[in-house]
Amino acid sequence: CSRWEEEKKEDGVKWMQLEHRGPYFVPPYEPLPKDVQFYYDGKPLKLSLATEEIATFYAKMLDHEYTTKEIFQNNFFHDWRKEMTSEEQEIIKDLDKCDFGEIHKYFVDKNEARKALPKEEKQKLKEEADKIQEEYGYCILDGHREKIGNFKTEPPGLFRGRGEHPKMGMLKKRIMPEDVIINCSKDSKIPEPPEGHKWKEVRFDNTVTWLASWTENIQNTLKYIMLNPSSKLKGEKDWQKYEVARRLKDVVHTIRAQYRKDWKSKEIKKRQRAVALYFIDKLALRAGNEKEEGETADTVGCCSLRVEHIQLHPQLDGQEHVVEFDFLGKDSIRYYNKVSVEKPVFKNLQLFMKNKDPGDDLFEHLNTTFLNKHLQDLMDGLTAKVFRTYNASITLQEQLKALTNPEDNVAGKLLSYNRANRAVAILCNHQRSIPKTFAKSMQVLQEKIDAKKKQVEEAQEEVKKAEDEFKDTKDAKAEANVEKKKKLLKRLEEQLARMNIQATDKEENKQIALGTSKLNYLDPRITVAWCKKFGIPIEKIYNKTQREKFAWAIDMAGEDFEF
């Protein structure tokens with residue numbers, strides 16, 4: 001049997017044997033050279049080691065827009081002053097008087113120097129990194145040598161957060177062995193902490209899949225060292241996720257009929273649940289958990305929408321019953337959409353918004369726990385999240401059927417694939433800001449296209465010349481020459497067509513992030529089946545890391561796979 005389908009363990013048990021080396025700790029801070037100085041109020045000031053280290057975190061980020069934001073500056077300065085000696089606190093009272101310029105330049109130069117190293121020096125550095133990877137980057141799990149995902153602790157630095165995060169600029173502290181809980185099997189060789197240190201705790205818990213954990217100091221959340229996505233354990237979990245979504249396909253019609261019925265329920269609680277579920281199903285919105293005030297950026301999902309996040313238009317742009325959404329979703333990504341909804345949904349929303357202030361909850365009788373409990377009753381293992389996976393995968397499959405032209409060449413088919421993937425990314429609202437280098441790289445590509453066009457024109461001339469010559473001489477050599485020139489022309493035309501496709505693809509994709517859906521929401525078997533069916537090499541779509549993560553699907557899916 002394949003390694004994806006080995007013996008099943010009893011419920012809740014994830015492994016029998018787990019052995020590893022523990023995390024790799026980031027090397028200690030290296031002090032700045034004597035001639036690189038920090039200036040306060042125009043005068044050089046020698047900082048204590050701890051204070052200097054934190055100063056370098058800020059200095060490294062000077063060319064980043066984070067350091068221009070007031071909240072980032074305030075949080076940084078507050079946390080930095082806490083770590084200073086009392087003498088330093090007496091002197092350093094104003095961030096505006098701090099000059100990190102020399103330190104910044106030192107790190108920029110150091111970076112440039114590293115990039116400019118000769119090949120053999122770079123090779124040496126790579127070998128050192130590989131050695132660490134070999135030693136710390138693998139564990140033994142139930143007799144298999146498995147790759148670990150993130151085996152290094154995160155280096156200390158300044159917290160960035162996504163969007164307008166209220167904690168940006170705070171000091172992320174260095175993780176010490178004393179902060180770390182180790183998890184392994186009792187009879188294994190228990191990892192040794194670094195010299196002179198001890199672990200916070202060693203446990204033998206085979207109901208969880210993490211190898212080590214610690215609490216990070218900014219959000220007080222737990223961080224884990226986990227297995228790499230290509231490992232058997234993660235592969236199985238991934239496969240199961242898509243199997244649950246495939247089960248939803250069989251009952252989704254019943255569920256849709258049920259929530260439509262509930263739009264007319266006598267209980268307002270049921271109505272709210274039914275409207276929210278309609279949004280989650282139709283628009284692939286995230287469920288949206290309740291959150292602590294002031295802890296995180298103000299982002300919402302479906303259940304936590306407020307009145308201010310939607311506007312109702314009985315008529316808009318020639319459509320009826322339009323709901324206009326505008327809110328910040330996960331990672332502070334703005335969700336903006338105008339959708340024509342069914343009349344009962346529109347009427348219900350008017351009812352839910354009656355006599356409420358902009359800051360009031362739209363679905364005040366609803367939370368994710370209540371919603372997911374209902375979904376679990378409808379289908380075992382069903383949560384709001386499954387709808388996103390289901391709708392993303394089904395959209396990819398339908399779009400691939402609609403868009404792929406079997407007559408197209410590989411480049412044409414890949415454009416169709418990317419367009420199908422884009423439809424999914426738009427559904428899931430996976431945006432990105434236009435890359436800084438976009439205009440430049442587009443221009444380079446355009447110049448290449450123009451040059452190629454010129455070559456094609458020249459080749460057309462050449463073909464014409466050869467044909468004229470053949471007309472005159474009628475000899476075999478001239479005939480062979482015509483064929484040769486035609487072949488060249490054809491090759492150049494194909495190259496030009498490929499470049500034009502590339503430009504189209506690039507333009508359509510400038511504000512859309514395809515990676516998230518490809519890694520997390522799309523059943524890889526749909527892609528594998530499509531590749532096999534149309535003879536497209538799988539590496540045209542999945543890179544090496546993705547092929548490792550989706551090994552289970554590449555193993556399993558034939559060209560007839562249907563999600």
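Based on alpha-carbon centroids, what's the gap between region 51-90 and region 179-207 in Å, whole number please?
Comparing the Cα centres of region 51-90 and region 179-207, I get a distance of 34 Å.
Taking the Cα centre as origin and putting +1 on Lys and Arg beta-carbons and -1 on Asp and Glu beta-carbons, what dipole magnitude results for the chain, to the nearest 20 debye?
In debye, rounded to 20, the chain gives about 1480.
Counting alpha carbon pairs within less than 8 Å and at least 6 residues apart, what relative contact order, in whole percent, applies to the chain?
After rounding, I find 12 percent.
Note down the nm distance, to one decimal, between modelled labels 7 Å out along Cα→Cβ at residue 398 and at residue 539.
Rounded to a tenth, the inter-label distance reads 3.5 nm.
Calculate what fraction, in whole %, of the accessible area of the chain sits on carbon and sulfur atoms when a 1.4 Å probe is rolled over the protein chains.
About 50 percent, which is the carbon plus sulfur part of the accessible surface.
For residue 35, what accessible surface area do you get with a 1.4 Å probe? Give it in Å², rounded to 10.
120 Å²
If you average the alpha carbon positions of region 494-545 and of region 396-417, how far apart do those two centres end up, in angstrom?
Rounded to whole Å, the Cα centres lie 10 Å apart.
Taking the highest mean first, how do the peptides 233-241, 268-276 order by number of other beta carbon atoms within 10 angstrom per residue?
My ranking of the peptides, most packed first, is 268-276, 233-241.
So, for region 42-88, what is the accessible surface per residue at a probe of 1.4 Å, expressed in square angstrom?
54 Å²
Percent relative contact order of region 225-369, based on C-alpha pairs within less than 8 angstrom and at least six residues apart?
21 percent
Which of rounded, prolate, oblate describes region 207-321, given a ≥ b ≥ c as roots of the alpha-carbon gyration tensor eigenvalues and a/c under 1.5 marking rounded, otherwise prolate only if a/b is larger than b/c?
Oblate, since a/c reaches 1.5 and b/c is not below a/b.
Quick check for you: which residues of region 471-497 have the amide N under 18 Å from the point 7 Å beyond the Cα of residue 455 toward its beta carbon?
Only 484-497 pass the distance filter.
Per DSSP H run of at least 4 residues, take -39500 (n - 2.57); add these up for the chain, divide by its residues and hand me the 222 nm value, nearest 500 deg cm²/dmol.
That calculation yields -16000 deg cm²/dmol at 222 nm.
What spacing in nm lies between the two simple spin-label points modelled at residue 124 and residue 35, each 7 Å away from Cα in the Cβ direction?
So the two model labels end up 2.2 nm from each other.
Test of understanding: express the Cα radius of gyration of region 309-466 as a ratio to 2.2 N^0.38 Å, with N the residue count.
1.60
If r is the Cβ-Cβ distance from residue 134 to residue 198 and R0 is 35 Å, what FRET efficiency results, to the nearest 0.05?
E(calc), rounded to 0.05, equals 0.85.
Using a Förster radius of 30 Å, what is the FRET efficiency between residue 46 and residue 152 based on their Cβ-Cβ separation? Nearest 0.05, please.
With R0 = 30 Å, the Cβ-Cβ based efficiency is 0.45.
Probe 1.4 Å, all protein chains in place: accessible area of residue 90 in Å², nearest 10?
About 130 Å², ignoring ligands and nucleic acids.
May I ask you to list the residues of region 213-235 whose amide nitrogen lies under 16 Å from a point 7 Å from Cα along the Cα→beta-carbon direction of residue 190?
213
In terms of solvent-accessible area of protein heavy atoms at a 1.4 angstrom probe, what is the ranking of 491, 286, highest value first?
491, 286
So, R0 is 25 Å and r is the distance between the beta-carbons of residue 63 and residue 434; what FRET efficiency does that work out to, to 0.05?
FRET efficiency, residue 63 to residue 434: 0.85.
Using packing as a proxy for protection, rank 325-331, 298-304 so that the peptide with the highest average count of other Cβ atoms within 10 Å comes first.
Going by the mean number of other Cβ atoms within 10 Å, highest first, we get 298-304, 325-331.
How far is it, in nm, from the label point at residue 479 to the one at residue 442 when both lie 7 Å from their Cα along the line to the Cβ?
5.0 nm
Using only the alpha-carbon atoms of region 122-262 as identical scatterers, what base-10 log of I(q)/I(0) does the Debye formula give at q = 0.15, 0.20 Å⁻¹?
One equal scatterer on each Cα of region 122-262 leads to -0.96, -1.27.
Take the alpha carbon gyration tensor of region 38-120, find the square roots of its eigenvalues, order them as a ≥ b ≥ c, and report rounded if a/c is under 1.5; if not, report prolate when a/b exceeds b/c, else oblate.
Because a/c hits 1.5 or more and a/b exceeds b/c, region 38-120 counts as prolate.
If you roll a 1.4 Å probe over the heavy atoms of the protein chains, what accessible area per residue do you get for region 392-556, in Å²?
Spelled out: the 1.4 Å probe surface of region 392-556, per residue, equals 58 Å².
Over region 392-556, what relative contact order in percent results from Cα pairs under 8 Å that are six or more residues apart?
33 percent
Shape call for region 402-454 from the C-alpha gyration tensor, a ≥ b ≥ c root eigenvalues: rounded (a/c under 1.5), prolate (a/b greater than b/c) or oblate?
Oblate.
Match the structure shown to one of the listed values (1) 30.0, 89; (2) 24.9, 79; (3) 29.6, 98 of Rg and Dmax of the Cα atoms in Å, computed from it, and give that label.
Looking at Rg and Dmax of the Cα atoms in Å for this model, the match is (3).
Would you mind calculating the gained length between residue 215 and residue 91 on full extension (0.36 nm times residue separation, minus the Cα-Cα distance), in nm to one decimal?
Roughly 41.3 nm would be gained on extension.
The values are calculated or read from the model by the stated rules, or taken from the named source; none is laboratory data. Quick caveat, the model's predicted, so the values are computed rather than measured. Every residue, glycine among them, receives a Cβ derived from its backbone with ideal geometry; neighbour counts consider all protein chains shown. Surface accessibility is based on the protein's heavy atoms, side chains included, excluding ligands, DNA and RNA. Shrake-Rupley method; radii C 1.70, N 1.55, O 1.52, S 1.80 Å.
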